[in-house]
Structure formats: structure tokens, C-alpha cells
Amino acid sequence: MSILITGGAGYIGSHTCVELLNAGHQVVVFDNFSNSHPEALIRVEQITGKSVPFIRGDVRDQSALEAAISLHGCSSVIHFAGLKSVGESVSNPLAYYDHNVTGTISLLHAMKATGIRTLVFSSSATVYGEPQYLPFDEQHPLSATNPYGRTKLVVEDLLRDLYRAEADWHIGILRYFNPVGAHPSGLIGEDPQGIPNNLMPFIAQVAVGQRKELKVWGSDYPTPDGTGVRDYIHVVDLAVGHVKALERLSQPQCFAVNLGTGNGYSVLDMVNTFARVSGRAIPYVLAPRRDGDLASYYADPTLAATFLGWKAERGIESMCKDHWQWQVNNPTGFA
């Protein structure tokens, strides 16, 4: 039986395909390639030595999803497909609700129509909103502060409501902190379109000479060096977390679990470490805080360890080293 991976050609999706294939599972990718590249799937095949069938389609197209599930005999779904830029969500909320919420509803209808009930959903730590305490555990109140986060929270609530109404569902909700790094082969990694929205790919593009300098937004936060602190997690560790979550879903249930390291690193920690492992200078300028940015947030990963049997294995050096290997091998991404 195959696992349908929506958005499987994307950054996290492609790494998860590798880990699933290496664990003996079969995968089928469903992706519209709006923010990904088919080359990623060729690279996944190169890394694993296994084939990756794919369907080009939009997750809002229920009939296409039903056809893909039926054709490939899929028994479960890992759902990555969606839009993911916080800033873009503020300027274009309709697109975010359409893709992230309507798309998930189409997927759930397709799953019901084809008789499959096992789903791992790609959520986000943004559902915690402003921290009432740190680290964030799964009992922290939920309250997103931007449209992107609200779409994730709406889908989480939808999934919990669905499970309450139909108790034969097997649903795992994974709340990511800050994915970084790349597969150590250097064959797959983060390939942002246009100006990167996330810190690590921007640092890497400065290091490789594509961009002049990094802007560090905020240097007067109540943190050790004044810059924002985040819980960065290696994308391979994150991908392994999806394998563990899927394996935990043998019984009907609906759970939400953090995937993070439990450690907070500042922007300058990341800049300095990347400069050291790459041997390249990372010029940066300090800029005022951006509206809505938080001083710090990081996970309590205890539940992932006790419930999923998972914990992050790779530290900040591996995150930076592997991302640099990807950037050097692919200075302009998959293109």
C-alpha cells in the first residue's frame, strides 16, 4: 500500500519521501509544483534507488485526488500541500484560506470517498501565537497572530471536529518549529522562489555571493545578544518525525505533537555558525524590529519523545553544514 504525499516535491515533503522510502514504505507524490520542482523527485530517486510516481495536480481538485488515491491504492496521506509565507498571508489572506483550508477540505472529502482514514497533517508552531510561557508544550493555549497561522489552526480545529464526529479516523497533527538544513548528500534542500522568507536560505545565498548582505530584524530583544531566538530543527530530523507519526497511527485517534529540538538559537548564533562551517563571511546589517515578530520561541519536545519515540538528533553545526553543502552544489536551486 502506498502513502499519498501532497506537496511531496517541496522542501519538507521531498525529505520525508526519502525517509519513508528508506523505512520500506511506498510513496506517491501529488503536487502542482507552484513552489517546488519536479527535479526534487528525480533526486529523491537518486538518493534512495527507488521510484517515486507522481501526479501533477492541485489539492483543491477533489476528483484528481480521488483518482490518484484509487489508481495507486493509497492507504494513508501525509498532507504538506499549501502556502507558507507569513508575510504573503498578510497581504493575500484569501489565497491562504483557499489553498490551506479549502484544499484540506477537498482532500478530506477525497479520503472519505475512497475509504481511507489515516492522515498526518503538516501544522506549525505559529498556532501557539504570543507565548504565555516558554517552552511551548502542547497544552499551551492556541491563538495564531497572522493569516498563515490561522489557516493552520482552522485546519487543526477541523480535524479535531472530524474525529469527534467520526471516531474511525487516524489523525496526527505535527507542529513544526523552524526547519533548516538539507539532506547530507547535497542533492535536495530548500529552494525558495525569489527572495527567501526564511533565515537560513538567505544566509546561504549571502555566503554563496547571490546577495550582498543579510538584514537582521531587531537587535534589542530581551535575548542574550538582542536578536530573535528560534527553535531550528534539521529537516531530516523533521522528516523522520513524520515516519514515527505515521507508525503511531495504527489505532483510531487524533493527536497533536511538537517537532522541535527544545533549544533556542539566536539569529547571530546561526550567522556565526554558518560563517564558521562555510568559511565565508556573512555581512549583515542591524535593522529595526518587524511588526509581529516575537523575541523568542522554542519547543518542549517531551511528548514527541514519550509518545512517538522521536527526538531531534542533529545540532546547529549539522544544520549549517548540510545547508551549505546543498547551496554550493545548487547555487541557483533545482533550476
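Every read-out reported here was derived from the displayed coordinates using simple, explicitly stated rules and does not represent laboratory data. Computed from a prediction, not measured in an experiment: that's the story for all the values here. All Cβ positions, glycine included, derive from the backbone under ideal geometry; neighbour counts span all protein chains shown.
A few comments on the model shown:
- Dmax and Rg, reported as Rg then Dmax, of region 218-314 (C-alpha, Å): 16.8, 51
- Within a Gaussian network of the chain (alpha carbon springs, distance under 10 Å), most fluctuating of 291, 157, 31: 291
- Bins of 10 Å, starting at 0 and running to the largest distance - Cα pair percent for region 1-64: 24, 59, 17, 1
- Taking every C-alpha pair closer than 8 Å and separated by at least 6 residues, the mean separation divided by the residue count of the chain gives a relative contact order of 19 percent.
- For the chain, complete DSSP H runs whose alpha carbons reach 15 Å or more along their own long axis and whose mean Kyte-Doolittle score is 0.0 or higher are 11-22, 62-72, 103-114, 235-247, 267-278.
- Check: the chain dipole with +1 on Lys, Arg Cβ and -1 on Asp, Glu Cβ, in debye: 360 debye
- Ordered by the number of other Cβ atoms lying within 10 Å of each residue's own Cβ, fewest first, 266, 34 fall into the sequence 34, 266.
- Cβ-based exposure ranking for 168, 300, 225, 231, in which fewest neighbours within 10 Å come first: 168, 225, 300, 231
- With N the number of residues in region 71-146, Rg(Cα) / (2.2 N^0.38 Å) evaluates to 1.34.
- Around the Cα centre of region 129-246, unit charges on the Cβ atoms of Lys, Arg, Asp and Glu (plus for the first two, minus for the last two) sum to a dipole of about 300 debye.
- Per-residue Cβ neighbour rank within 10 angstrom, fewest leading, 202, 255: 255, 202
- Ellipticity at 222 nm from helices only: DSSP H runs of n ≥ 4 in the chain, each -39500 (n - 2.57), divided by the residue count, give -11000 deg cm²/dmol.
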